[in-house]
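The values are calculated or read from the model by the stated rules, or taken from the named source; none is laboratory data. Note that this is a predicted model, so its numbers are computed, not measured. Virtual Cβ from ideal backbone geometry, glycine too; neighbours counted across all protein chains shown.
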Amino acid sequence: MIDDVLWVDGNAAGGVLARFFAFDVTRMLITCDSCGADSPLGALRLYGGQMGIILRCTKCGAINVRALENGGALTLDARGARRMTYPPESNSS
């Protein structure tokens, strides 16, 4: 049962998550949840403006990532990304 599992609050994840986003995010590999295509974030199609952005899959056009800045707070919604991988896997043998 889940009540039997030891847990701590989300602050314990701070170090790991800070490392996740402390890099050049344009190189992060995004896997589209809709079609499964892999693409670097920097290759996705960006729509939007100063206040918010929408990044769409280059293959099927589905929304992969949304980011909104409002009053100094940043909201990131990555529901359209099945997976976000960094560093990108090397294809060299």
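Pairs linking a residue in region 1-21 that is under 17 Å from Tyr86 (Cα atoms) and acidic (Asp, Glu) to a residue that is surrounded by 10 or more Cβ atoms within 10 Å (Cβ to Cβ) and modelled with pLDDT under 75, with Cβ atoms under 8 Å and 6 or more positions apart or on different chains, do not occur.
Against the criterion of being in contact (Cβ under 8 Å) with a residue 24 or more places away in the chain and among the hydrophobic types (A, V, I, L, M, F, W, C), Ile30 qualifies.
Residue count for region 41-69, restricted to those that are over 11 Å from Met84 (Cβ atoms) and part of a strand (DSSP E or B): 14.
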